[in-house]
1. Using each residue's phi in segment 126-133, evaluate 6.51 cos²θ - 1.76 cosθ + 1.60 at θ = phi - 60° and report the 3J(HN,Hα) Karplus result to the nearest Hz, with x for Gly and Pro.
2. Let me check against my output: what whole-number percent is the relative contact order of the chain, with C-alpha pairs under 8 Å and at least 6 apart?
3. Sticking to Cα atoms, compute the Rg of segment 10-140 to one decimal and its Dmax as the biggest Cα-Cα distance, whole number, in Å.
4. Once R0 is set to 30 Å, what does the formula 1/(1 + (r/R0)^6) return for the Cβ-Cβ distance between Asp128 and Glu78, expressed as a FRET efficiency to the nearest 0.05?
5. Which ordering of Glu123, Glu95 is given by a fewest-first count of other beta-carbon atoms within 10 Å?
6. Using a Gaussian network model of the chain whose springs link C-alpha atoms within less than 10 Å, name the residue from Val73, Val124, Val103 with the highest mean-square fluctuation.
7. Can you give me the distance in nm between label points at Thr64 and Lys10, each placed 7 Å from the Cα along the Cα-to-Cβ direction?
8. Ranked by Cβ crowding within 10 angstrom, fewest neighbours first, how are Cys34, Cys51 ordered?
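Every read-out reported here was derived from the displayed coordinates using simple, explicitly stated rules and does not represent laboratory data. Here the structure is a predicted model, which means the values were calculated and not measured. When we count neighbours, we look across all protein chains shown, and the Cβ atoms used for this are built from the backbone with ideal geometry, even at glycine.
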Amino acid sequence: MPESSRNTPKSVDPGRLRLDGDQASTGALLGMRCLDCGISVFGQAVFCQACSSARLEPVDLSRTGTLYSYTIVRVPPEGWPGPVPYVLGEVELPEGPHILAEVIDVAHDALRIGMEVRLALEEVQSGDSGPVFSVYKWAPATESTLGTGEV
Ligand SMILES: [Zn+2]
């Protein structure tokens, strides 16, 4: 076995998050762009939601966006692996799609609509010895101590 036999994390949703690098420590959000009207959507699509064209091409979406809306969640869904309460943010990308994900590394009273955020990947293990998944989240873009990719 190679020395780095540690479980490399898997994308929590391969249709929406592609992982890059040997340790899958970086990645990109995936979308589709319509060749006819130019809109982009998050995730996979067979036809354009705006003009019904089937001429779509896969694209990497922006790694930064602005906070469009957020909710502080105090009663999480069953099986939620992280701390509570947490922040669920709706982020608008420059291409147009809105993406829901947890907002990390920010104090609740520092949240502002319109603040710039950036993609952050966090590893989450399912159970005590289950597979490790990489999950996409948002973190403040101005934070210099962004802990992406660390274990
Ligand atoms: Zn279209």
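1. Karplus-based 3J(HN,Hα) across segment 126-133 equals 8, x, 7, 9, x, x, 9, 10 Hz.
2. Numbers: 312 pairs, mean separation 30.8, N = 151.
Rounded, it is 20 percent for the chain.
3. 15.7, 48
4. Working: r = 18 Å, r/R0 = 0.59.
According to the calculation, E is roughly 0.95.
5. On the way: Glu123 19, Glu95 16.
Ordered by Cβ neighbours within 10 Å, fewest first: Glu95, Glu123.
6. Largest GNM mean-square fluctuation: Val73.
7. Simple spin-label model gives 3.4 nm for this pair.
8. Going from sparsest to densest Cβ surroundings: Cys51, Cys34.
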